[in-house]
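Peer 1: Take this structure first; my questions come after.
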Amino acid sequence: MIKIKNEFFSIKDIWNSGQCFRMHPIGEDKYRVVVKGKCLEMEETQGEVVLFCTKEEFQNVWEDYFDLKEDYSVFFRNVSKEDRYLQRAASFGKGIRILKQDLWEMIISFIISTQNNIKRIRKCIDLLCKTYGKEIQEGIYAFPEPEELKNVTEEELRGLGLGYRSKYIVKTTQLIIRQEVSLEEIKRMDYQEAKKELQKLTGVGEKVADCVCLFGLHHFDAFPVDTHINQVLEREYGNQFPYEIYKGYRGVIQQYIFYYDFMRENH
DNA sequence: AAGCAGGGGACGT
DNA sequence: ACGTCCCCTGCT
């Protein structure tokens, strides 16, 4: 059991920040996340996070996953004092961190996210895991590997409710299985190269590529612009957002804005 | 009650 | 540049 008290680390903030679709509440202040065949239960009360795992597992897996070696107070403090909106957004989502998630899982997850809402995205991904992923504990399934989706047809995926995204997933899986696009090479590329390469995949446009870069490759300058973010940039900044100020951690700023706007819309 | 709009976009023309 | 794509939810 690991206890962490850090005002810049909150599961409550992270689970609804839209970067992770496999984190679920499992009770009062309790959450569970499934990552690469491992499952972690967490509890957060009074600003303290408890991770139910051994010290060894924490050091090998979760410390890196939650990016806990990075000091997010720096990004928070660097928010422009004159930018009242961003000040509010950052304070609201102070506990957000950019998770280091699996590249393949991010690609498929954000293909599913297009023209879709978070609730249904979660449902689709859960169903995908239950149908094709390995059962790692009773009732808990890992995200299926590319090999496990190799022979899946468009019709099968449509049966899961993935709609027109089904053919994108079939095609993208084929491109990766055939190594026409190499995940390992993408991991070695810088942000701009990786973003361009990802867009060779079917169903991956600029926005999805940016999400994958930020959440699956930890490229901190990726700044995904969706309809919500776009509205904020227009409304609050007249489409003149000062990107240059935040070089090196624009993705963190994007998350503050997205989460703040998302929670205001939905509550 | 059923009908309709819209949701973290991308693709093909 | 613009219509279309699939399913679900919430509104009317």
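Peer 1: Exposed loop GluC sites (Glu not before Pro) only (DSSP loop, at most 12 other Cβ atoms within 10 Å): please give the longest stretch of chain A free of them, not including the sites.
Peer 2: A:181-267
Peer 1: Also, quick follow-up: Just want to confirm a number: the relative contact order over the range A:103-216, from Cα pairs under 8 angstrom separated by 6+ residues, in percent.
Peer 2: Over the range A:103-216, the number comes to 31 percent.
Peer 1: Cross-link candidates for A:K207: which lysines have Cα within less than 23 Å, leaving aside residues fewer than 8 places away along the same chain?
Peer 2: Partners within reach: A:K100, A:K119, A:K123, A:K167, A:K171, A:K187, A:K195, A:K196, A:K247.
Peer 1: If the cut-off is 14 Å between C-alpha atoms, which aspartates and glutamates fall inside it for A:K12, apart from same-chain ones fewer than 8 positions away?
Peer 2: Here the aspartates and glutamates satisfying the reach criterion relative to A:K12 are A:E28, A:D29, A:E41, A:E43, A:E44, A:E48.
Peer 1: Measuring from label point to label point, each 7 Å out along Cα→Cβ, what is the A:E48 to A:T131 span in nm?
Peer 2: In this crude label model, A:E48 to A:T131 measures out at 4.4 nm.
Peer 1: Which length gain, in nm to one decimal place, applies between A:K196 and A:E138 when the Cα-Cα distance is subtracted from 0.36 nm times their residue separation?
Peer 2: The A:K196-A:E138 span can extend by a further 16.9 nm.
Peer 1: Cut-off 18 Å, label point 7 angstrom out along Cα-to-Cβ of A:Q59: give me the residues of the range A:1-45 whose amide nitrogen falls inside.
Peer 2: A:1-4
Peer 1: Trypsin sites (Lys or Arg not before Pro), restricted to the range A:108-145: which are DSSP loop and have at most 14 other Cβ atoms within 10 Å?
Peer 2: Details: sites: A:K119, A:R120, A:R122, A:K123, A:K130, A:K134; in loops: A:K134.
Those that pass, being in a loop and sparsely packed, are A:K134.
Peer 1: A further question on this structure: Return the distance in nm (one decimal) between the two label points of a simple spin-label model at A:K36 and A:N78, each offset 7 Å from Cα along Cα→Cβ.
Peer 2: Simple spin-label model gives 2.7 nm for this pair.
Peer 1: Show that you can apply the helix-only estimate: for chain A, add -39,500 (n - 2.57) for every DSSP H stretch of four or more residues, divide by all residues, and state [θ] at 222 nm to the nearest 500.
Peer 2: -12500 deg cm²/dmol
Peer 1: Give me a comma-separated list of calculated 3J(HN,Hα) values for the range A:47-54, in order, Karplus coefficients 6.51, -1.76, 1.60 applied at θ = phi - 60°, integers in Hz, x for any Gly or Pro.
Peer 2: x, 10, 9, 10, 9, 8, 7, 7
Peer 1: Would you mind ranking A:I26, A:I2, A:I186 by Cβ crowding within 10 Å, fewest neighbours first?
Peer 2: A:I26, A:I2, A:I186
Peer 1: Which order results if A:L103, A:L162 are arranged by neighbouring Cβ count within 10 Å, fewest first? All intermediate terms of the calculation are to be shown ahead of the outcome.
Peer 2: Values: A:L103 19, A:L162 23.
Ascending Cβ contact count within 10 Å gives the list A:L103, A:L162.
Peer 1: Show the residues, 5+ positions off or on another chain, whose built amide H is closer than 5 Å to the amide H of A:I136.
Peer 2: Amide H neighbours of A:I136, under 5 Å, 5+ apart: A:Y141, A:A142.
Quick note: the coordinates plus some simple rules give every number you see, no bench work behind them. Being a predicted model, the structure only gives us computed values, none of them experimental. With ideal geometry, Cβ positions are generated from the backbone for all residues, glycine too; neighbour counts draw on all protein chains shown.
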